[in-house]
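Here's the structure we're looking at; comments come further down.
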Amino acid sequence: MIFPEDLIALFYPRLCAGCNSSLVRGEDVLCLNCLADLPRTNYHLIRENPVFLQFTGRVQIELATAFCRFDKGGRLQHLLHQLKYKGNREVGYKMGLLFGYDLIQNAMYQNIDAIMPVPLHPKKEKKRGFNQSVEICRGLSLAMGRPLISGNLIRVVHTDSQTRKGRFERWENVSGIFSVKNGASLLNKHLLLVDDVVTTGATLEACSIPLLEIPGVKVSIATLATA
């Protein structure tokens with residue numbers, strides 16, 4: 001039997017976002033080889049993992065983890081490039097979904113109340129067309145069965161890219177640039193703050209500070225990659 005999707009794929013082949021090979025029936029966004037080759041950290045199984053320890057003594061974080069290791073020139077770098085600069089939102093959603101399935105199986109992450117993306121400044125989001133962290137959160141939200149809260153935590157100052165900055169420069173670049181619009185709606189919630197990559201943790205630290213000023217709020221952190 002010939003399926004309609006097979007005819008469509010003949011003329012418009014679906015390609016793996018990781019290696020550009022043709023996807024076969026049952027594969028979605030990533031082929032099975034790329035899924036198997038993802039450099040997972042399994043940090044969600046270890047409370048005091050290297051990502052969590054980055055924030056120790058800086059800001060009060062309940063949990064922190066990263067889905068994969070970022071290796072320069074590796075598969076994950078290619079996937080993140082597809083997400084951030086090629087507009088392939090499906091990559092963020094798919095990776096968030098995979099990540100969320102891992103997290104929700106761990107008892108430590110089952111008391112999360114809501115999932116919140118690190119915001120982009122409106123100018124940057126308009127230029128890119130979307131916020132990659134929101135796409136990751138969409139996948140996490142579905143897999144974990146937790147609501148996505150977007151638009152409450154906002155970036156009030158437009159800053160330069162963090163890419164070529166050192167640790168102190170990164171902290172200076174983001175200090176005090178985030179604000180909460182409606183703190184009352186977040187009272188006593190345990191929030192999972194989500195970004196694509198954690199390098200020095202400066203951006204996530206700056207996001208956490210105004211959230212932790214809200215009574216009863218707890219913050220945990222999840223990123224797709226750790227550099």
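The values are calculated or read from the model by the stated rules, or taken from the named source; none is laboratory data. Quick caveat, the model's predicted, so the values are computed rather than measured. Positions of Cβ are generated from backbone atoms using ideal geometry, with glycine treated the same way; all protein chains shown enter the neighbour counts. What goes into the accessible areas is simple: the full protein's heavy atoms, side chains included, and nothing from ligands, DNA or RNA. Shrake-Rupley method; radii C 1.70, N 1.55, O 1.52, S 1.80 Å.
Of note:
- Pairs with Cβ under 7 Å, 6+ apart, first in segment 197-218 and open to solvent by less than 20 Å² (accessible area, probe 1.4 Å) and in a helix (DSSP H, G or I), second modelled with pLDDT under 95 and among the β-branched types (Val, Ile, Thr): Ala202/Val174; Ala206/Val174; Ala206/Ile177
- For segment 28-87, the candidate set comprises residues that are closer than 17 Å to Gly139 by Cβ and among the basic types (Lys, Arg); within that set, the residue that is modelled with the highest pLDDT is Arg40.
- Scanning segment 107-134 for residues that are in contact with a strand residue (DSSP E or B) (Cβ under 9 Å, 6 or more places away or on another chain) and outside any helix (DSSP H, G or I) turns up Asn111, Ile112, Asp113, Ala114, Ile115, Met116, Pro117, Val118, Pro119, Leu120, His121, Asn131.
- All positions within segment 59-81 that are loosely packed, with under 15 Cβ neighbours inside 10 Å and either among the basic types (Lys, Arg) or not in a loop (DSSP other than H, G, I, E, B) (or both): Lys72, His81
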